[in-house]
1. Can you tell me which of ARG300, ARG248, ARG232 is within 13 Å of the ligand (Cβ to nearest atom), open to solvent by 40 Å² or more (accessible area, probe 1.4 Å), more than 20 Å from VAL198 (Cβ to Cβ) and touching a helix residue (DSSP H, G or I) at 6+ places or on another chain (Cβ under 8 Å)?
2. What are the residues in region 65-86 that are closer than 30 Å to PRO131 by Cα and either in a helix (DSSP H, G or I) or within 13 Å of the ligand (Cβ to nearest atom) (or both), if any?
3. For region 299-330, which residues satisfy the criterion of being touching a Lys or Arg at 6+ places or on another chain (Cβ under 7 Å) and in a loop (DSSP other than H, G, I, E, B)?
4. Scan region 181-203 for residues that are open to solvent by less than 30 Å² (accessible area, probe 1.4 Å) and either more than 11 Å from MET219 (Cβ to Cβ) or of a type in the set (Ser, Thr, Tyr) (or both) and jot them down.
5. Would you point out which residue out of ALA282, ALA289 is free of Cβ contacts under 8 Å to residues at least 24 places away in the same chain, among the aliphatic types (A, V, I, L, M), loosely packed, with under 15 Cβ neighbours inside 10 Å and in the same structural domain as PHE331 (by TED's automatic domain parsing)?
6. Of all residues in region 144-173, which are open to solvent by 40 Å² or more (accessible area, probe 1.4 Å) and hydrophobic (A, V, I, L, M, F, W, C)?
7. Can you pull out every residue in region 117-143 that is in contact with a Ser or Thr (Cβ under 9 Å, 6 or more places away or on another chain), open to solvent by less than 40 Å² (accessible area, probe 1.4 Å) and within 27 Å of GLY344 (Cα to Cα)?
8. Tally time: how many residues in region 102-114 are open to solvent by less than 20 Å² (accessible area, probe 1.4 Å) and within 16 Å of the ligand (Cβ to nearest atom)?
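The values are calculated or read from the model by the stated rules, or taken from the named source; none is laboratory data. Values in this document were obtained by computation on a predicted structure and should not be read as measured data. Every residue, glycine as well, gets a Cβ built from its backbone with ideal geometry; the counts of neighbours run over all protein chains shown. Each accessible area value is taken on the protein alone, full model and side chains, heavy atoms only, with ligands, DNA and RNA left out. Shrake-Rupley method; radii C 1.70, N 1.55, O 1.52, S 1.80 Å.
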Amino acid sequence: MADRAALSPQPKPWIAAIDAYVPGKSAGADGRPLIKLSANENPLGCSPVAAAARATAGPPALYPDPDSTALREALGRLHGIDPARIVCGTGSGELLTVAASGFAGPGDEVLYVRYGFSLYDIAARRCGANPIIAADHDYGTDVAALLAAVSARTRLVFLANPNNPTGSYLARGALAGLHAALPSDVLLVVDQAYAEFVAPEDDDGALDLAARHGNVLVMRTFSKAYGLAAERVGWATGAPALIDILNRLRGPFNLSASAQATALAALGDQPFVEASRRANLAARKDFAAAIAALGNHGLRALPSEANFILVLFEGRLTAGEAWRGLAEAGFITRWLPGQGLPHGLRITIGTPEQMHEVAAVLQRLAETAP
Ligand SMILES: *Cc1c(COP(=O)(O)O)cnc(C)c1O
């Protein structure tokens, strides 16, 4: 054993293979603060009721409710779900990760579409499973390709709906078709991080699937439409046997007292969520039209149901140059070469004024591109 003294702790090879999550940046290379259109945060902030609740949340010395009971009960009332079928997470990011660890391991496969959310790769690798990527259809989810990629080793399918970073959306019928064709021992995780931005009549039906079937989990977050990204609150719902596994794996006091109080208050202010949805819809429509007007310069806005648009640069102006030009003009956006999108910029929908300026900068850059 003497030679062991020269060794150092070795990470598991599947952990060493993880590329750490790259968050949206908020400052320029020179440290100058920029208007942040890189992380899909809410330009309206959060509900004033939630901000007030945050400021007065309980004594810091005491542990919070380990089960986020009041928040789960309020979520149950709002969405018509038995609170026993709800688990809260430190952001939905925690729940995505524990879902993969609970149901997949070394040798198993975790499946999702090309241009899926970057955290799925990390969640799969963390538990030693192999990430499997199904082909897209013009950047959107291709249900047939997903189903064709299911193998005997597939344990879990991640589907963000709307998807990040593309904004694409699978309608209710297509989602039901995907679920119906999956083997019943494959867990379908529908990540509805942007669901509040979708018109109620266009709902994808995932909560119904989670209520009726034993192999569907739906995940939601307070980070986007509720404007509470700083508080780290997400939740999942599904069959009790699935929720039981997530409860075993999540952190014991995973939601801080202020996170629970703030999210509970935010939930009570649905008019704020509705105002956020309407503001996003209007600004997104105008911005998509402004990009469409630059089609002759090779710019293309992918159809989006979320609070961002993926703009493709297929002409002389490159996405990298557009990213630099926007940063010089004071806007930080998300360039995604690491996700196979060197020709794409994901741009969060900010205020109408910000989006007019972003469109004007892109027009200037496109017209003067070498
Ligand atoms: C932002 C986002 C989440 C949620 O992240 P939190 O951990 O809840 O802040 C989950 N899925 C997708 C696709 C997202 O874009």
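1. Details: ARG300 fails: within 13 Å of the ligand (Cβ to nearest atom); ARG248 fails: within 13 Å of the ligand (Cβ to nearest atom).
ARG232 is the lone residue from the list that is within 13 Å of the ligand (Cβ to nearest atom), open to solvent by 40 Å² or more (accessible area, probe 1.4 Å), more than 20 Å from VAL198 (Cβ to Cβ) and touching a helix residue (DSSP H, G or I) at 6+ places or on another chain (Cβ under 8 Å).
2. Once the filter is applied, which keeps residues that are closer than 30 Å to PRO131 by Cα and either in a helix (DSSP H, G or I) or within 13 Å of the ligand (Cβ to nearest atom) (or both), region 65-86 yields only ARG85.
3. Within region 299-330, SER304, ASN307, GLU314 meet the criteria.
4. In the first step, residues of region 181-203 are kept if they are open to solvent by less than 30 Å² (accessible area, probe 1.4 Å); the result is 182, 186-199.
Those that are open to solvent by less than 30 Å² (accessible area, probe 1.4 Å) and either more than 11 Å from MET219 (Cβ to Cβ) or of a type in the set (Ser, Thr, Tyr) (or both): LEU182, VAL186, LEU187, LEU188, TYR194, GLU196, PHE197, VAL198, ALA199.
5. Details: ALA282 fails: free of Cβ contacts under 8 Å to residues at least 24 places away in the same chain.
That would be ALA289, the only listed residue that is free of Cβ contacts under 8 Å to residues at least 24 places away in the same chain, among the aliphatic types (A, V, I, L, M), loosely packed, with under 15 Cβ neighbours inside 10 Å and in the same structural domain as PHE331 (by TED's automatic domain parsing).
6. At the first step, the residues of region 144-173 found to be open to solvent by 40 Å² or more (accessible area, probe 1.4 Å) are 144, 147-148, 151-153, 155, 169, 171-173.
Matches in region 144-173: ALA144, LEU147, ALA148, ALA152, ALA171.
7. LEU119, ILE122, ALA123, ALA134, ASP136, TYR139, GLY140, THR141 - these are the residues of region 117-143 that are in contact with a Ser or Thr (Cβ under 9 Å, 6 or more places away or on another chain), open to solvent by less than 40 Å² (accessible area, probe 1.4 Å) and within 27 Å of GLY344 (Cα to Cα).
8. Number satisfying all stated conditions: 4.
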